[in-house]
Amino acid sequence: MRIYNHLAHKVENFEPIEPNQVGLYTCGPTVYDFVHIGNWRTYVFEDILKRVLQFNEHNVVHVMNFTDIDDKIIKRAKEQNVEFTKLTQKYEEAFREDLGKLNILPADFYTRATEYIAQMIELIERLLKKGAAYKAEDGIYFSVEKFPDYGKLSGLSKGNLKKGARVNDDLYDKEAWSDFALWKFEKPGEPSWEAPFGRGRPGWHIECSAMSIDKLGEHFDIHCGGIDLLFPHHENEIAQAEAATGAKFVNYWVEGEHLLVDGEKMSKSLNNFYKLSDIVAKGFDPLALRYLFMTAHYRSKLNFTWESLEAVQSALDNIRDLVASSKEDGVGEVNADHFREFSNAVGDDLNMPRAIAALWSLLKSDLAHDSKYATILKFDQILGLELDKVEMVPLPVGAQELIKKRELLRKEGKFEESDKAREDLAGMGLEIEDTPEGTKWKVKK
Ligand code: AMP
Ligand code: ZN
């Protein structure tokens with residue numbers, strides 16, 4: 001399998017540290033509101049990556065965090081006059097429910113920041129001891145100057161570094177490259193925890209380094225997120241972890257591109273976002289959204305429109321009809337040629353548009369039904385479109401043969417006879433439709 005590694009700035013062969021074992025960490029949501037479908041694009045891409053690894057017989061240990069304490073959560077809880085934990089519990093539950101609707105495989109571990117305060121404190125103490133962090137009046141900061149490799153992931157040059165400048169905010173842009181907060185000292189009315197270097201709460205970046213190290217070790221295989229996390233979040237995670245351990249943190253950094261609306265990033269701050277429930281309220285299947293995400297390469301931007309969602313919904317309906325028509329009692333052998341086409345596509349830096357094309361070419365092929373169905377099920381281990389749940393519609397005795405005979409008659413141009421076959425099938429209660437993908441049939445209502 002080949003994958004684009006942001007650390008190497010190129011596509012590389014994937015080699016796990018331990019044969020067939022993969023440690024995978026994906027940055028999860030900040031649970032102060034419902035996530036939007038832009039976020040879902042990232043979580044679906046990560047799910048596909050995980051499924052491809054499993055498909056290649058790797059045993060994946062997947063960790064995802066919930067950021068359940070940060071500036072945004074504190075602000076929102078104050079506005080709503082509720083305990084912050086009440087807010088975070090509600091949105092964590094909503095998130096987990098939606099994961100299932102998009103057929104995203106659950107992680108092996110969900111780690112909440114507030115449950116890893118001790119590990120974060122320990123990591124900060126290591127950094128203080130090594131001189132990579134220092135105490136200022138409002139918190140503990142990481143000294144970017146002390147980590148010569150800073151910038152290696154995002155490829156930014158040190159020219160942007162403002163000596164001695166500090167940021168307390170969790171989000172800052174490239175121009176403000178500077179020391180960042182590991183720990184923020186207590187403020188009145190805000191949640192805080194006891195620590196040897198002073199009561200307070202963690203900065204955002206430290207949680208992912210602490211939780212991934214705790215669950216996957218100081219050196220693991222893959223770390224993922226959306227492209228906006230590359231800098232500063234992931235750059236800072238590397239700095240914190242490697243300055244503390246003195247060794248390489250993660251081998252592969254794999255990041256997904258954004259979902260756009262009208263050419264702009266879908267985000268809460270621009271107020272141009274839709275939630276999964278908005279899609280469902282308009283009558284769309286959440287899996288149509290999953291399909292839509294797969295029509296673009298994960299490293300390309302994808303512009304969301306309702307028209308494109310309508311188009312993929314009808315494509316998905318067509319796929320289901322074709323699957324229902326090819327389903328038979330017995331499951332045959334996976335077809336090697338079609339399988340190769342599909343697995344080459346997914347192994348080529350997760351080229352899902354090509355994988356989808358391989359699915360269509362399989363559906364349109366005249367493979368024996370049992371073999372076609374077995375191959376579809378194999379593809380769906382990665383696609384995750386729940387094609388295994390498509391109901392088989394039992395055909396009346398003799399109908400299958402008659403459908404095949406009619407197809408042959410049409411090919412031979414014997415239209416009178418094929419029309420007669422259509423009438424006979426109608427007599428059996430079947431409605432026949434000739435499509436570019438082959439003959440489809442439905443039981444008449
Ligand atoms: P956040 O809650 O903002 O930290 O985002 C959660 C995840 O969604 C992160 O991996 C982000 O990079 C990702 N993300 C945020 N906005 C978008 C977007 N418009 N398209 C794709 N991914 C996004
Ligand atoms: Zn993170």
>> Let me confirm something: among ASN39, ASN20, which residue is closer than 21 Å to HIS297 by Cα, open to solvent by 10 Å² or more (accessible area, probe 1.4 Å), at pLDDT 95 or above and not assigned by TED's automatic domain parsing to the domain that holds ASN303?
In response: ASN39
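For the stretch 312-344, enumerate the residues that are of a type in the set (Val, Ile, Thr) and either outside any loop (DSSP other than H, G, I, E, B) or under 27 Å from LEU289 (Cβ atoms) (or both).
Initial filter on the stretch 312-344 (of a type in the set (Val, Ile, Thr)): 312, 319, 323, 331, 334.
Residues satisfying the conditions are VAL312, ILE319, VAL323.
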>> Is it the case, given these coordinates, that ASN59 is outside the structural domain of ASP348 (by TED's automatic domain parsing), open to solvent by less than 50 Å² (accessible area, probe 1.4 Å) and at pLDDT 95 or above?
In response: no
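Looking only at the stretch 153-172, decide whether some residue is under 33 Å from the mean Cα position of the chain (by Cα), modelled with pLDDT of 90 or more and surrounded by 14 or more Cβ atoms within 10 Å (Cβ to Cβ).
Residues of the stretch 153-172 that are under 33 Å from the mean Cα position of the chain (by Cα), as a first pass: 153-158, 160-161, 166-172.
Now restrict to residues that are modelled with pLDDT of 90 or more: 153-154.
Retained after the next criterion (residues that are surrounded by 14 or more Cβ atoms within 10 Å (Cβ to Cβ)): 153-154.
There is at least one residue in the stretch 153-172 that is under 33 Å from the mean Cα position of the chain (by Cα), modelled with pLDDT of 90 or more and surrounded by 14 or more Cβ atoms within 10 Å (Cβ to Cβ).
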> Does at least one position in the stretch 352-363 carry a residue that is more than 24 Å from the chain's Cα centre (by Cα), buried (at least 19 other Cβ atoms within 10 Å of the Cβ) and at negative phi?
Replying inline: yes
> Could you list, in sequence order, the residues of the stretch 23-34 that are outside any strand (DSSP E or B) and open to solvent by less than 20 Å² (accessible area, probe 1.4 Å)?
Replying inline: CYS27, GLY28, PRO29, VAL31
> How do the pairs read when you match residues in the stretch 278-303 that are under 15 Å from VAL261 (Cα atoms) and surrounded by 14 or more Cβ atoms within 10 Å (Cβ to Cβ) with residues anywhere that are among the β-branched types (Val, Ile, Thr) and at pLDDT 95 or above, using Cβ under 7 Å and keeping only pairs 6 or more apart or on different chains?
Replying inline: ILE279/ILE37; LEU289/ILE37; LEU289/ILE279; LEU292/VAL312; PHE293/VAL44
>> I want to confirm something. Restricting to the stretch 226-248 and keeping residues that are more than 17 Å from GLY155 (Cα to Cα) and open to solvent by less than 10 Å² (accessible area, probe 1.4 Å), which single residue is farthest from ligand 1 (Cβ to nearest atom)?
In response: ALA244
> Only one residue in ILE222, ILE238 is over 24 Å from GLY131 (Cβ atoms) and either in contact (Cβ under 8 Å) with a residue 40 or more places away in the chain or touching a Leu at 6+ places or on another chain (Cβ under 6 Å) (or both). Which one?
Replying inline: ILE222
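Would you check if PHE66 is within 16 Å of ligand 2 (Cβ to nearest atom) and out of contact with any helix residue (DSSP H, G or I) (no Cβ under 6 Å at 6 or more places or on another chain)? Even if it seems obvious, please write down each step before you answer.
Details: within 16 Å of ligand 2 (Cβ to nearest atom): yes; out of contact with any helix residue (DSSP H, G or I) (no Cβ under 6 Å at 6 or more places or on another chain): no.
No: the conditions fail for PHE66.
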> Tally time: how many residues in the stretch 1-17 are part of a loop (DSSP other than H, G, I, E, B), open to solvent by less than 50 Å² (accessible area, probe 1.4 Å) and of a type outside the set (A, V, I, L, M, F, W, C)?
Replying inline: 2
> Within the stretch 94-121, how many residues are more than 15 Å from LYS184 (Cα to Cα) and in contact (Cβ under 8 Å) with a residue 40 or more places away in the chain?
Replying inline: 17
> Just checking, how many residues over the stretch 256-277 are near ligand 1 (Cβ under 7 Å from one of its atoms) and open to solvent by 50 Å² or more (accessible area, probe 1.4 Å)?
Replying inline: 1
>> Given the criterion within 16 Å of ligand 2 (Cβ to nearest atom), of a type in the set (Asp, Glu) and more than 30 Å from LYS442 (Cβ to Cβ), identify the matching residue among GLU242, GLU257, GLU264.
In response: GLU242
> Based on what the data block shows, is ILE432 surrounded by 15 or more Cβ atoms within 10 Å (Cβ to Cβ), under 16 Å from SER365 (Cα atoms) and either more than 44 Å from the chain's Cα centre (by Cα) or among the β-branched types (Val, Ile, Thr) (or both)?
Replying inline: no
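Search the stretch 70-93 for residues being acidic (Asp, Glu) and over 12 Å from PRO191 (Cβ atoms), and hand back the single one that is least open to solvent (accessible area, probe 1.4 Å).
Residues of the stretch 70-93 that are acidic (Asp, Glu), as a first pass: 70-71, 79, 83, 92-93.
With the extra rule that they be over 12 Å from PRO191 (Cβ atoms), the set shrinks to 79, 92-93.
Numbers: GLU79: 119, GLU92: 19, GLU93: 126 Å².
Applying the filter and picking the extreme gives GLU92.
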> Do any strands (runs of 3 or more DSSP E) entirely within the stretch 98-152 hold 1 or more residues that are under 23 Å from ASP70 (Cβ atoms), of a type in the set (Lys, Arg) and assigned by TED's automatic domain parsing to the domain that holds VAL167, and if so, which?
Replying inline: 109-112, 133-135
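The values are calculated or read from the model by the stated rules, or taken from the named source; none is laboratory data. Worth saying up front: this structure is predicted, and the values here are computed from it rather than measured. Cβ sites come from the backbone with ideal geometry, for glycine too, and all protein chains shown count toward neighbours. Heads up: the accessible areas ignore ligands, DNA and RNA and are worked out on the full protein's heavy atoms, side chains in. Shrake-Rupley method; radii C 1.70, N 1.55, O 1.52, S 1.80 Å.
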